[in-house]
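Would you mind keeping the following structure in view while I ask a few things?
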Amino acid sequence: MSDPLLRLSGLTKAYPGVVANSDVSFDIHAGEVHALLGENGAGKSTLVKMIYGLVKPDTGRMTLNSAPFAPSAPSAARLSGVAMVFQHFSLFDALNVAENIALGMENAPKQRDLAAKIKEVSNQYGLPLDPYMRVGDLSAGERQRVEIIRCLLQNPKLLIMDEPTSVLTPQEVEILFKTLRQLKAEGTAILYISHKLEEIRSLCDTATILRLGQKVATCTPADTSAKELAEMMVGETLHVPERATGAFGDVILDVKDLSLRAPTEFGTALKNVTFKVRAREILGIGGVAGNGQDELLGALSGEVSSNNTVSLRGSDISKLGPQQRRALGVLAAPEERLGHAAVPDMSLSENALLSAAVRKDMMRFGFVNWGKAKLYAEHVINEFDVRTPGAGNAARSLSGGNLQKFVIGREVLQYPDVLIVNQPTWGVDASAAAAIRQSLMDLAEKGAALVVISQDLDELMEISDHFAALNEGRLSSIRPVQGLNVEEIGLMMGGVHDSMEGAA
Amino acid sequence: MIRLEKRAQPSQFWTFATPFLAVVLTMIVGGIMFAALGSDPFEAIRTIFWDPLFSEQFAAYSRPQLLVKAGPLILIAIGLSMGFKAGIWNIGAEGQYIIGAICGAGMGLAFYPIESVLIFPLMILAGALGGWAWAIIPAVLKTRFGTNEILVSLMLVYVAEALLASVASGLLKNPDGMGFPGSRNLAQIPSTANLEIIQGTGMHYGVLTAFIAVVFAYVLLSRHMLGFQIRLTGEAPRAARFAGVNPTRIVFLCLGLAGTLAGMAGMYEVSGPAGQITIDFNSGYGFTAIIVAFLGRLHPIGILFAGLLMALTYIGGELASLMLGIPSAAIQLFQGMLLFFLLATDVFISFRIRLTSGEAA
């Protein structure tokens, strides 16, 4: 084989308290799609940041085309032909596509020339994009195209992509893969970060697996089964959640014709959302981020009131606030952990009080019983295996996964009749995610009605009984999960569905 | 190279230590300023911080003044701190203080020359209501029309000052005052006088109210759901909504409470230490209380001590300008430095300083 494009040898980076990468070495060749696989916290991000010049390695060397490569800043990395598409886009909603791209360039050409160039490149790679569209009006998939085209304009030799498919519909994923294969054929190397095993098996030539900051193996994903890859990644045999399916009970939560205006300019309006959830049923709601998930959760939790649309066991609750709904047994766990589901600078006891005050009887005449709040926080910590020194620690001192376990546990252990969760396992490692899913299924088993909103389709297929998708604030028809195929799901998510018969 | 590094948890130690560090830095830089003005810095600092309490010559007069000055500062700062904790920036306590004084004095003068023990409580009520009403204006505008409460409450200070000048030379003018502006002296009328509770200590009813407010605020913030909701609103507005907090209610509560306490402070002042409504009755307590609230870390007990410290710099400052001829603007600068250094040293609570060997970035 020829000389590698990029060679990493013995890269090590330690932060106070953790070794993010320890002695990582591997090669990336021109025209290769190289997967970087690992759980959250395995050290993928740190490794990529070193290649992109955001972080300096403590020890170890990199060579690019056999020449020493030690970028001091992203601009230096870009000059050497390394480009990166981040998981979280750095785009300004109020500017148009061309303006956004110009902002990220070292010496941007004139608007008109740039727009022409954007058109040319976007057509060449099958990523249609109007340079004069305002980014705020674009879908997540289109925003990603802006980022990709920004990179392609620099003719990179190595393109790094961080979890690119997490915001895409299956169809959009196909388009992206076509582009990546075209780039590969032209000799561009791609470093592809993901934890979606099937994607990696279909796209990537080589995979390097990281666990706890160390390289576990480099293998050919096409010759390795998804199960083998997962076990290398997790380092233990996976516990797959199980559930006994019984008959559903009566309708508990009934949502009829829920329409709400967008809360902000860049929010999503809800349009005639209609569904029913019965006891012991889990309704999975899929869809690409930003299609009304937050807004739907807000309308169900009581943060936003509506008019005669949400009823619990036949009685209208759409005017009630969150605390009143909690008293009746309707609980929710929002997606954003810090700042919405929990207060970063408050202790776990205080965060327990946040949503459990009513049902766990933590108040007398408005006075707080801090002893009870602490006991309940400790109960959640024990039951959900939250790793923290104690209930007195601030929420922001917990890792994302542990805080997520706390947030979900806080609601589940109040034994609600209805639980609405948004992205229950986002950013949580595989074993914790399995535990969270199991707890949701157990709750349904006990007779609760659950609405699980998620962007992780595998998760929804695994735990829900019925599936629907949100697209631009509209809910698709509701279908039993059994017998659904990826094609149909993709169409539902894309908004192509037998329109208004959601009440079925 | 010096680098700031974010701490995993806010430092408990620095939360308590920064007010002391800020006082020390103020003394050092203030001392340099006094030296540049031609005064002996050590003598100036001693005159400000030591003499009012312990000098044989002045202490007999100054010591009671400590409570007289600290009372209104603490009372106003307690009210402001509730709003600041919730992220509601009421800058107009000075105006609420003035309106409270006008309403309280107006109530007392309306009964003149009737004598009754009921008049003083009625004056307290009028002062509280006046301050409350003045603070509710920015609350209504904010919740109805989304105006900025900082601007509205501050502008209302100037409206209140104009109103004060008007009533001092019109509506409330002393009919026996030979045409001079200013009301009758309330402190000299038994039914309307805010007297010292214990002779010679400066402890009048306003100071007592301030101490009660400290206890009340402490219990509210640490034990009551309403206090928890106030903190939630300030720290994470979305989480507050999720917890069922009504933001409009919190705005009304915080502004109303601050206005009530500031209005009461104004009423106690006009019926006691000041004695009468005059054109320039207000002396900046409402603004200084903002410094007191932050110096006390928005914590009731902290505010108690911060109020006493601030009062000390007031009295000591007067003494220093009297004895050493330091201009009063320099004293105000000195007080301002205190807040400046406090905010500057606050960085240590969330960050630590790292010295790194100079590797050029």
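Within 10 Å of each Cβ in A:319-329, how many Cβ atoms from other chains are there, averaged over the peptide?
Values: counts 0, 1, 5, 5, 3, 1, 1, 2, 1, 0, 0.
For peptide A:319-329, the averaged partner shielding equals 2.
So how strong a dipole does the protein assembly as shown carry about its Cα centre when Lys and Arg Cβ are +1 and Asp and Glu Cβ are -1, to the nearest 20 debye?
Working: 68 positive and 77 negative charges, 199 e Å.
It works out to roughly 960 debye.
Restricting to DSSP loop positions (anything but H, G, I, E, B) with no more than 13 other Cβ atoms inside 10 Å of their own Cβ, which GluC sites (Glu not before Pro) remain in the stretch B:37-116? Spell out each step's value before the answer.
On the way: sites: B:Glu43, B:Glu56, B:Glu94, B:Glu115; in loops: B:Glu56, B:Glu115.
Counting only loop positions with at most 13 other Cβ atoms within 10 Å, the GluC sites (Glu not before Pro) in the stretch B:37-116 are B:Glu56, B:Glu115.
For the stretch B:68-147, what is one quarter of the convex hull surface built on the Cα atoms, given in nm²?
On the way: hull surface 25.3 nm².
Mean projected area of the Cα convex hull: 6.3 nm².
Now a separate question. Could you pull the Cα extents of the protein assembly as shown along its three principal axes, largest to smallest, in whole Å?
Cα spread of the protein assembly as shown along its principal axes, largest to smallest: 103, 69, 55 Å.
Compute the Cα gyration tensor for chain B, then decide on rounded, prolate or oblate, letting a ≥ b ≥ c be the square roots of its eigenvalues: rounded whenever a/c is under 1.5, prolate when a/b is larger than b/c in the other cases, and oblate in all that remain. Intermediate values should be presented prior to the final figure.
Numbers: a/c = 2.02, a/b = 1.24, b/c = 1.63.
Oblate shape, in that a/c is at least 1.5 and b/c is the bigger or equal ratio.
Once the convex hull of the alpha carbons of the stretch A:1-95 is built, what does its volume come to per residue, in cubic angstrom? Please list the in-between numbers first.
Working: hull volume 12.9 nm³, N = 95.
Spread over its residues, the Cα hull of the stretch A:1-95 gives 136 Å³ apiece.
Can you list residues from other chains, or at least 5 along the same chain, whose modelled amide H is less than 5 Å from the amide H of B:Met203?
B:Ile197, B:Ile198
Further, regarding this structure: Between A:Gly494, B:Gln9, B:Thr47, whose Cα lies farthest towards the positive end of the dipole of the protein assembly as shown when Lys and Arg beta carbons carry +1 and Asp and Glu beta carbons carry -1, centred on the Cα centre?
B:Thr47
Using a 7 Å offset from Cα along Cα-Cβ at B:Tyr112, what residues in the stretch B:261-276 end up with backbone N under 13 Å from the label point?
Under 13 Å, as judged by backbone N against the label point of B:Tyr112, lie B:271, B:275-276 of the stretch B:261-276.
As an exercise, use a Förster radius of 60 Å and the Cβ-Cβ distance of A:Ala262 and B:Leu53 to find the FRET efficiency, rounded to the nearest 0.05. Don't jump to the answer; show the numbers that get you there.
Values: r = 61 Å, r/R0 = 1.02.
The pair A:Ala262/B:Leu53 has a calculated efficiency of 0.45.
Which whole-number percent of Cα pairs in the stretch A:161-237 have a distance greater than 18 Å? Kindly include the intermediate steps, with their values, before the conclusion.
Values: 1231 of 2926 pairs.
Tail of P(r) above 18 Å: 42 percent of Cα pairs.
Mind listing the phi-derived Karplus ³J(HN,Hα) values for the stretch B:102-119, rounded to whole Hz, using 6.51, -1.76 and 1.60 with θ = phi - 60°, and x for any glycine or proline?
5, 5, x, 5, x, 4, x, 6, 4, 7, 4, x, 5, 10, 7, 6, 7, 5
Also: Provide Rg over Rh for the stretch A:69-193; use the alpha carbon set for both Rg and the Kirkwood Rh (inverse mean inverse pair distance).
On the way: Rg = 13.7 Å, Rh = 14.7 Å.
Ratio of gyration radius to Kirkwood radius: 0.93.
Principal axis extents for the stretch B:115-241, Cα atoms only, whole Å, descending order, please.
That works out to 60, 37, 24 Å along the principal axes.
Mind listing the long-range amide H neighbours of B:Ile326? Cut-off is under 5 Å, sequence gap 5 or more, other chains count too, H placed in the peptide plane at 1.01 Å from N.
Long-range HN contacts for B:Ile326: B:Ser321.
Rank-order A:455-466, A:103-114 by packing density, defined as the average count of other C-beta atoms within 10 Å over each peptide's residues, highest first.
Listed from highest to lowest mean packing, they are A:455-466, A:103-114.
Then there's this: Show that you can apply the helix-only estimate: for chain A, add -39,500 (n - 2.57) for every DSSP H stretch of four or more residues, divide by all residues, and state [θ] at 222 nm to the nearest 500.
Details: 16 runs with 163 residues, N = 504.
Calculated at 222 nm, the ellipticity per residue is -9500 deg cm²/dmol.
Could you line up A:Arg325, B:Arg238 from fewest to most neighbouring Cβ atoms inside 10 Å? The partial results should precede the final answer.
Values: A:Arg325 24, B:Arg238 18.
The order, fewest Cβ neighbours first, is B:Arg238, A:Arg325.
Now for a different question. Most mobile of B:Ile150, B:Ile74, B:Ile291 per a Gaussian network model of chain B (Cα springs, under 10 Å)?
B:Ile150
Still on this structure: By how many degrees, between 0 and 90 and to the nearest 10, does the Cα long axis of helix A:170-185 differ from the longest principal axis of chain A?
Value to nearest ten degrees: 10.
I'd like the Karplus ³J(HN,Hα) series for the stretch A:207-215: coefficients 6.51, -1.76, 1.60, θ = phi - 60°, whole numbers in Hz, and an x wherever there's a Gly or Pro.
In residue order, the calculated couplings are 9, 10, 10, 10, 9, 6, x, 10, 6 Hz.
Would you please report the Å³ per residue occupied by the convex hull of the alpha carbon atoms in the stretch A:6-234?
Working: hull volume 27.2 nm³, N = 229.
That works out to 119 Å³ per residue.
Helix-only mean residue ellipticity at 222 nm, chain B, DSSP H runs n ≥ 4 weighted -39,500 (n - 2.57), per residue, nearest 500. What is it? Could the numbers behind the result be given before it?
Values: 15 runs with 250 residues, N = 361.
Helix-only estimate at 222 nm: -23000 deg cm²/dmol.
If you rank B:Met178, A:Met84 by fewest surrounding Cβ atoms within 10 Å, what's the result?
Values: B:Met178 6, A:Met84 23.
Ranked by crowding around the Cβ, least crowded first: B:Met178, A:Met84.
Quantify how strongly other chains surround peptide A:387-394 by giving the mean number of their Cβ atoms within 10 Å of each of its Cβ atoms. Before the final figure, lay out each step's value.
Details: counts 0, 0, 0, 0, 0, 0, 2, 3.
Taking all residues of A:387-394 together, the mean is 1.
Also: Search the structure for amide H atoms under 5 Å from the amide H of A:Val368, placed 1.01 Å from N in the peptide plane, and list their residues when 5 or more places away or on another chain.
B:His224, B:Met225
Follow-up. Please state the charge dipole magnitude for the stretch B:26-182, taken about the Cα centre, from unit charges on C-beta atoms (+1 on K and R, -1 on D and E), reported in debye and rounded to the nearest 20.
Numbers: 7 positive and 9 negative charges, 104 e Å.
Its charge dipole is roughly 500 debye.
For the peptides A:121-127, A:287-293, what is the packing order when you average, over each peptide's residues, the other Cβ atoms within 10 Å and list the highest mean first?
Values: A:121-127: 16.0, A:287-293: 22.1.
Order by mean packing, descending: A:287-293, A:121-127.
Using θ = phi - 60° and the Karplus curve 6.51 cos²θ - 1.76 cosθ + 1.60, what whole-Hz ³J(HN,Hα) does each residue of the stretch A:248-259 get, with Gly and Pro shown as x?
With the stated coefficients, the stretch A:248-259 comes to 7, x, 6, 5, 9, 10, 10, 10, 10, 6, 7, 10 Hz.
Considering the dipole of the protein assembly as shown built from charges on the beta carbon (Lys and Arg +1, Asp and Glu -1) around the Cα centre, which of A:Asn382, B:Phe351, B:Gly38 is farthest to its positive end?
Highest projection toward the positive end goes to B:Gly38.
What is the local net charge at A:Thr264, summed over the other residues whose Cβ is closer than 11 Å to its Cβ (Lys, Arg +1; Asp, Glu -1)?
Values: positive: A:Arg261; negative: A:Asp93, A:Glu265, A:Asp294, A:Glu295.
Net local charge, A:Thr264 excluded: -3.
I want to check the label-to-label distance for A:Phe89 and B:Thr201. Put each point 7 Å from Cα in the C-beta direction and report it in nm to one decimal.
6.7
What average number of partner chain Cβ atoms lie no more than 10 Å from the Cβ of the residues making up B:245-251? List each step's numbers first, then the result.
Working: counts 4, 1, 0, 0, 0, 0, 0.
Mean shielding count: 1.
Students often check this: by mean Cβ neighbours within 10 Å, which of A:358-367, B:76-85, A:440-449 ranks highest, and how do the rest follow? Each step should come with its number before you reach the end.
Values: A:358-367: 14.8, B:76-85: 29.7, A:440-449: 19.9.
Peptide ranking by packing, descending: B:76-85, A:440-449, A:358-367.
Excluding A:Ile118 itself, what net charge comes from residues whose Cβ is under 13 Å from its Cβ, given Lys and Arg +1 and Asp and Glu -1? Write out the running numbers ahead of the final one.
Numbers: positive: A:Lys110, A:Arg112, A:Lys117, A:Lys119, A:Arg145, A:Arg150; negative: A:Glu99, A:Asp113, A:Glu120, A:Asp130, A:Glu142, A:Glu147.
Local charge sum for A:Ile118: 0.
Every read-out reported here was derived from the displayed coordinates using simple, explicitly stated rules and does not represent laboratory data. In this text the structure is predicted, and so the values were computed from the model without any measurement. A quick note on method: Cβ atoms are made from the backbone with ideal geometry, for glycine too, and the neighbour counts reach across all protein chains shown.
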